[in-house]
Amino acid sequence: MKLAFIDVTGNKLDAYEACTQLCESHVADVTLSRITAPDLLKVPVCAKRALEEGAEAAIVFYNATAEDSHALDLVHEKIIDVELESRKFVFFTLVFEDEWRSPQQLAEVAQERLAQSLEALFRSVHSESSEPVEQAPVPEEGSMGMFAQNQESEEQAPELPPSGGGRGLF
């Protein structure tokens with residue numbers, strides 16, 4: 001299994017070795033490639049590159065600050081685009097600066113978060129997609145199923161004014 005580890009230049013901790021050890025303890029034949037983004041906003045580009053180069057999934061490690069909240073929102077949106085385009089997962093491991101006081105404490109929190117992220121990653125990559133998905137129960141004939149409830153609500157809906165007399169939305 002080939003995984004990508006993406007970190008950012010400004011991180012306070014180099015978590016690559018810890019991630020490598022955790023990967024090897026979960027899966028015997030794992031290859032972890034490292035890409036270091038120059039800043040947080042370049043993480044989606046690095047993730048896309050890693051997934052295009054054959055990684056089955058990616059894990060991002062970042063030491064976040066309070067000022068990063070808007071940038072993290074933007075990066076999260078772009079990562080979703082990368083996931084949808086590649087049909088592969090990108091997992092974030094964030095450690096905020098208010099969660100640790102010493103380098104030792106940072107390493108402990110990072111190790112714990114990486115373990116959680118890797119567990120979720122391995123579950124999602126190795127999940128069996130061959131199992132059938134359970135379907136919602138079909139309401140019996142004559143019962144008030146969802147379709148019948150929707151028809152009743154449509155019948156009781158007030159009439160809208162004819163178009164052309166009102167102002168358009170755009």
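The values are calculated or read from the model by the stated rules, or taken from the named source; none is laboratory data. Remember, it's a predicted structure, so these values are computed and weren't measured experimentally. Methodologically, a virtual Cβ is constructed for each residue, glycine included, from the backbone with ideal geometry; neighbour enumeration extends over all protein chains shown.
Listed values, structure above:
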{"item": "Looking only at the range 96-106, and only at residues there that are part of a loop (DSSP other than H, G, I, E, B) and not small (G, A, S), the one that is nearest to A37 (Cα to Cα)", "result": "W100"}
{"item": "Any pair with Cβ under 7 angstrom, 6 or more apart, that starts in the range 101-126 at a residue that is of a type in the set (S, T, N, Q) and ends at one that is part of a helix (DSSP H, G or I)", "result": "Q111/A18"}
{"item": "Scan of the range 109-135 for residues that are closer than 18 Å to K88 by Cα, of a type in the set (D, E) and modelled with pLDDT of 90 or more, ordered by number", "result": "E119"}
{"item": "T93 being assigned to a strand (DSSP E or B), within 15 Å of the chain's Cα centre (by Cα) and among the hydroxyl-bearing types (S, T, Y)", "result": "yes"}
